[in-house]
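Reviewing the structure listed below.
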Amino acid sequence: MKINFVLNGKGRVLNAPSDRRVIDFLREDLGLTGTKESCGAGECGVCTILVDGESRLSCLMFAAQLEGRNVLTIEGLASEETLHPMQEAFVQFGAVQCGFCTPGMILSALDLLKRNPHPTRTEIREGLSGNLCRCTGYQKIVDAVEATACKKEKGPPL
Amino acid sequence: MKRVFLPHNLEELWRIIAGEPKADIYAGGTDLLVKLRQNLINTPSLICLERIEELKGVHEQGDEVMIGACSTHTSLLENPIIQRNFPVLTKALNVLASPLIRNMGTIGGNICTASPAADTLPPLYVLKAEVEIRSRSASRQMALKEFILGPGITCLKAGEIVSGIWVKKVPGFNLHHFEKVGQRKALAIAIVSLATLFKISGEEMVEDVRLAWGSVAPTVVTSNEIEAMLVGHRLSRQVLKKAAPIARAIVKPIDDIRASADYRRQVAENLLIRLGSVQK
Ligand SMILES: Cc1cc2nc3c(=O)[nH]c(=O)nc-3n(C[C@H](O)[C@H](O)[C@H](O)COP(=O)(O)OP(=O)(O)OC[C@H]3O[C@@H](n4cnc5c(N)ncnc54)[C@H](O)[C@@H]3O)c2cc1C
Ligand code: FES
Ligand code: FES
């Protein structure tokens with residue numbers, strides 16, 4: 001079927017079988033390998049994307065469901081040469097080790113800050129509780145999200 | 001390839017169902033897509049309900065509230081009508097899976113999956129919720145506890161969907177409580193859960209109470225006997241301890257990967273006793 005949607009800011013009309021999982025569509029068909037897959041069953045959050053600004057698991061969606069939607073993957077977050085403030089903070093605070101969880105973590109964190117611009121550390125942990133990280137021990141990830149929230153308070157909106 | 005249909009309104013949905021009588025229906029897909037991937041379901045086509053606005057939202061109608069079946073857990077958590085009237089439901093939604101699953105999963109899906117561990121069921125039982133069922137030609141309503149027949153089994157017939165959940169406001173119950181025990185805080189399927197509504201008087205007497213345990217039997221467990229034992233008393237450890245053996249006797253848990261039946265019996269009892277320390 002033809003799918004008409006916005007992908008990382010650009011309008012696209014693409015062909016895909018309607019029951020193609022979104023994760024396969026992004027990674028295999030479009031070569032957007034920033035979005036990861038691990039469990040394929042909703043448990044780990046590495047496949048997180050934003051659909052109309054809300055975090056979603058691309059392993060539990062079919063391509064047909066993208067029709068008319070605005071999709072953001074990690075590839076669409078930085079503008080030209082500048083990283084998004086959240087990406088900047090992940091680098092600065094050492095919140096990335098192997099990096100496998102990072103795309104999902106960052107997109108989930110953006111959903112969190114949209115709903116709750118000034119989360120406590122506990123709220124950050126709860127907000128990211130669907131995203132697993134096997135390397136960092138989470139501390140630095142929470143630091144990075146906290147710092148981004150503080151920066152947002154002072155600077156322009158994200 | 002399976003065709004995936006995305007009807008935009010009920011009119012379209014009925015037309016598609018008529019043409020694809022064998023299709024499976026889904027809303028958030030957080031249960032169905034996992035089962036599809038495990039090859040537990042073989043279906044020629046799929047119908048996704050996520051675009052049907054008529055099935056979403058929360059509507060206040062006098063002393064009742066209608067919750068659209070395809071409302072996501074996140075949308076209900078953020079809804080002031082739900083927050084104001086049904087804290088017992090909000091508390092359960094707060095510990096259901098993870099924010100990501102809550103952004104996708106729906107209350108209708110949680111009910112229709114009819115898992116013994118479904119987190120919205122014990123709150124909806126104590127709230128005496130009714131399920132609104134629709135098909136192309138008819139609409140009927142029934143008590144949730146009659147709708148759920150067993151694990152994964154409901155009264156839904158071919159061509160029917162759950163369109164909404166009706167819940168009466170419960171201004172008399174001034175204390176709402178939900179506790180879930182799982183293996184960890186986030187993304188834990190309940191080992192045992194307990195939803196409670198209390199009417200507590202100025203003197204801290206229990207004037208009325210409704211209890212419902214999840215995950216300890218094929219369907220939610222309630223007990224008129226225990227409720228009657230608590231009414232007219234303060235929630236003392238002594239009173240609760242006297243009722244606890246009944247809780248142990250009425251639950252019918254299973255051994256599974258998450259916990260043994262014995263452990264579940266113990267926790268069912270403990271959650272009751274712990275009501276003594278709930279903040280009033
Ligand atoms: C990682 C993970 C963790 C989870 N943790 C929890 C948890 O902690 N607690 C919990 O309770 N659940 C949990 N779940 C289960 C699931 O997320 C919930 O049950 C959710 O509410 C299902 O809603 P859905 O809309 O995604 O259902 P779907 O997958 O869309 O549908 C589920 C079933 O219901 C039917 N259905 C859906 N909507 C309707 C309708 N309106 N009318 C008729 N039939 C319908 C479908 O045909 C299907 O059989 C978890 C799932 C995953 C993947
Ligand atoms: S791959 Fe989607 S949640 Fe794990
Ligand atoms: S950095 Fe390796 S999984 Fe998080």
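The values are calculated or read from the model by the stated rules, or taken from the named source; none is laboratory data. This structure is a prediction, so every number in the text was calculated from the model and none was measured. Cβ coordinates were reconstructed from backbone atoms using ideal geometry, including for glycine residues, and neighbour counts include every protein chain displayed. Only protein heavy atoms, including side chains, enter the accessible area calculation; ligands, DNA and RNA are left aside. Shrake-Rupley method; radii C 1.70, N 1.55, O 1.52, S 1.80 Å.
Going residue by residue through segment B:1-12, is there one that turns out to be touching an Asp or Glu at 6+ places or on another chain (Cβ under 8 Å) and assigned to a helix (DSSP H, G or I)?
Yes - at least one qualifying residue is present in segment B:1-12.
Being farther than 23 Å from B:Leu89 by Cα, basic (Lys, Arg) and in contact with an Asp or Glu (Cβ under 9 Å, 6 or more places away or on another chain) is true for just one of B:Arg210, B:Arg248. Which residue is that? Can you show your working first?
Details: B:Arg210 fails: farther than 23 Å from B:Leu89 by Cα.
That would be B:Arg248, the only listed residue that is farther than 23 Å from B:Leu89 by Cα, basic (Lys, Arg) and in contact with an Asp or Glu (Cβ under 9 Å, 6 or more places away or on another chain).
For segment A:116-134, which positions are free of Cβ contacts under 8 Å to residues at least 12 places away in the same chain, in a helix (DSSP H, G or I) and away from ligand 1 (no atom under 16 Å from the Cβ)? Don't jump to the end; show me each part of the working.
Narrowing segment A:116-134 to residues free of Cβ contacts under 8 Å to residues at least 12 places away in the same chain: A:116, A:120, A:122-123, A:126, A:129.
When the remaining residues are screened for being in a helix (DSSP H, G or I), the result is A:122-123, A:126.
Matches in segment A:116-134: A:Thr122, A:Glu123.
Picking from B:Ile153, B:Ile148, B:Ile165, B:Ile200, which residue would you name as being more than 15 Å from B:Thr222 (Cα to Cα), among the aliphatic types (A, V, I, L, M) and open to solvent by less than 20 Å² (accessible area, probe 1.4 Å)? Quick ask: steps written out before the conclusion?
Working: B:Ile153 fails: open to solvent by less than 20 Å² (accessible area, probe 1.4 Å); B:Ile148 fails: more than 15 Å from B:Thr222 (Cα to Cα); B:Ile200 fails: open to solvent by less than 20 Å² (accessible area, probe 1.4 Å).
Only one candidate qualifies: B:Ile165.
Taking segment B:169-184, which residues are modelled with pLDDT of 95 or more and among the basic types (Lys, Arg)?
B:Lys169, B:Lys180
Among (1) open to solvent by less than 20 Å² (accessible area, probe 1.4 Å); (2) away from ligand 2 (no atom under 16 Å from the Cβ), which single condition is B:Tyr125 missing?
It is condition (1) that B:Tyr125 fails.
Which of the residues belonging to segment B:3-43 are touching a strand residue (DSSP E or B) at 6+ places or on another chain (Cβ under 6 Å) and more than 24 Å from B:Asn103 (Cβ to Cβ)?
Of everything in segment B:3-43, those that are touching a strand residue (DSSP E or B) at 6+ places or on another chain (Cβ under 6 Å) and more than 24 Å from B:Asn103 (Cβ to Cβ) turn out to be B:Arg3, B:Ile16, B:Glu20, B:Ala23, B:Thr43.
Looking only at segment A:100-115, count every residue that is touching a residue at least 40 places away in the same chain (Cβ under 8 Å), open to solvent by 10 Å² or more (accessible area, probe 1.4 Å) and farther than 23 Å from B:Leu76 by Cβ and tell me the total.
Residues flagged as touching a residue at least 40 places away in the same chain (Cβ under 8 Å), open to solvent by 10 Å² or more (accessible area, probe 1.4 Å) and farther than 23 Å from B:Leu76 by Cβ within segment A:100-115 amount to 3.
Any chance you could count how many residues in segment A:116-134 are within 16 Å of ligand 2 (Cβ to nearest atom) and exposed (fewer than 15 other Cβ atoms within 10 Å of the Cβ)?
Residues meeting the conditions: 1.
Away from ligand 3 (no atom under 13 Å from the Cβ) and in contact with a Phe, Trp or Tyr (Cβ under 8 Å, 6 or more places away or on another chain): which single residue out of A:Arg125, A:Arg115, A:Arg121 fits that description? Walk me through how you get there before you give the answer.
Values: A:Arg115 fails: in contact with a Phe, Trp or Tyr (Cβ under 8 Å, 6 or more places away or on another chain); A:Arg121 fails: in contact with a Phe, Trp or Tyr (Cβ under 8 Å, 6 or more places away or on another chain).
Among A:Arg125, A:Arg115, A:Arg121, only A:Arg125 is away from ligand 3 (no atom under 13 Å from the Cβ) and in contact with a Phe, Trp or Tyr (Cβ under 8 Å, 6 or more places away or on another chain).
Can you name the number of the only condition in (1) part of a loop (DSSP other than H, G, I, E, B); (2) away from ligand 2 (no atom under 16 Å from the Cβ); (3) in contact (Cβ under 8 Å) with a residue 12 or more places away in the chain; (4) open to solvent by 10 Å² or more (accessible area, probe 1.4 Å) that A:Gly137 fails?
Going through the list (1) part of a loop (DSSP other than H, G, I, E, B); (2) away from ligand 2 (no atom under 16 Å from the Cβ); (3) in contact (Cβ under 8 Å) with a residue 12 or more places away in the chain; (4) open to solvent by 10 Å² or more (accessible area, probe 1.4 Å), A:Gly137 breaks only (3).
Return the pairs, sorted by first residue and then second, in which the second residue is open to solvent by 10 Å² or more (accessible area, probe 1.4 Å) and among the small types (Gly, Ala, Ser), the first residue lies in segment A:45-58 and is within 10 Å of chain B (Cβ to nearest Cβ) and more than 10 Å from A:Ser108 (Cα to Cα), the beta carbons are less than 8 Å apart, and the residues are 6+ apart or on different chains.
These pairs meet every condition: A:Cys47/A:Ser38.
Just a yes or no: is a residue in segment B:44-65 out of contact with any strand residue (DSSP E or B) (no Cβ under 9 Å at 6 or more places or on another chain), farther than 26 Å from B:Val167 by Cβ, outside any helix (DSSP H, G or I) and within 14 Å of another protein chain (Cβ to nearest Cβ)?
no
Just to be sure before I move on: is A:Ala109 assigned to a helix (DSSP H, G or I) and within 14 Å of another protein chain (Cβ to nearest Cβ) in the structure I sent?
Details: assigned to a helix (DSSP H, G or I): yes; within 14 Å of another protein chain (Cβ to nearest Cβ): yes.
So A:Ala109 passes the test.
Taking A:Ala89 as the residue in question, decide whether it is more than 30 Å from A:Pro17 (Cα to Cα), modelled with pLDDT of 95 or more and either within 14 Å of chain B (Cβ to nearest Cβ) or under 18 Å from the mean Cα position of the chain (by Cα) (or both). So that I can check it myself, show each step before the final result.
On the way: more than 30 Å from A:Pro17 (Cα to Cα): yes; modelled with pLDDT of 95 or more: yes; either within 14 Å of chain B (Cβ to nearest Cβ) or under 18 Å from the mean Cα position of the chain (by Cα) (or both): yes.
Answer is yes for this residue.
Does A:Thr148 satisfy the criteria of being within 17 Å of the chain's Cα centre (by Cα), more than 14 Å from A:Ile49 (Cβ to Cβ) and more than 16 Å from ligand 2 (Cβ to nearest atom)?
Numbers: within 17 Å of the chain's Cα centre (by Cα): yes; more than 14 Å from A:Ile49 (Cβ to Cβ): yes; more than 16 Å from ligand 2 (Cβ to nearest atom): yes.
Answer is yes for this residue.
Scan segment A:32-82 for residues that are within 16 Å of ligand 3 (Cβ to nearest atom) and over 14 Å from the mean Cα position of the chain (by Cα) and jot them down.
A:Ser38, A:Cys39, A:Glu43
A quick yes/no check of all residues on (1) within 11 Å of another protein chain (Cβ to nearest Cβ); (2) open to solvent by less than 50 Å² (accessible area, probe 1.4 Å); (3) in contact with a strand residue (DSSP E or B) (Cβ under 7 Å, 6 or more places away or on another chain); (4) part of a strand (DSSP E or B):
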{"site": "A:Pro17", "(1), (2), (3), (4)": "yes, no, no, no"}
{"site": "A:Asp24", "(1), (2), (3), (4)": "no, yes, no, no"}
{"site": "A:Ser38", "(1), (2), (3), (4)": "no, no, no, no"}
{"site": "A:Glu43", "(1), (2), (3), (4)": "yes, no, no, no"}
{"site": "A:Ala64", "(1), (2), (3), (4)": "yes, yes, yes, no"}
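Somewhere in segment B:82-89, is a residue within 14 Å of chain A (Cβ to nearest Cβ) and in a helix (DSSP H, G or I)? Spell out the reasoning first.
Narrowing segment B:82-89 to residues within 14 Å of chain A (Cβ to nearest Cβ): none.
Looking for residues that are within 14 Å of chain A (Cβ to nearest Cβ) and in a helix (DSSP H, G or I), one finds none in segment B:82-89, hence no.
Within segment B:235-247, does at least one residue satisfy the condition of being touching a Phe, Trp or Tyr at 6+ places or on another chain (Cβ under 9 Å) and either exposed (fewer than 15 other Cβ atoms within 10 Å of the Cβ) or at pLDDT 95 or above (or both)? Talk me through it step by step, then tell me what you get.
Quick first cut of segment B:235-247, residues touching a Phe, Trp or Tyr at 6+ places or on another chain (Cβ under 9 Å) only: B:235, B:247.
Those left that are additionally either exposed (fewer than 15 other Cβ atoms within 10 Å of the Cβ) or at pLDDT 95 or above (or both): B:247.
Yes, that holds for at least one residue.
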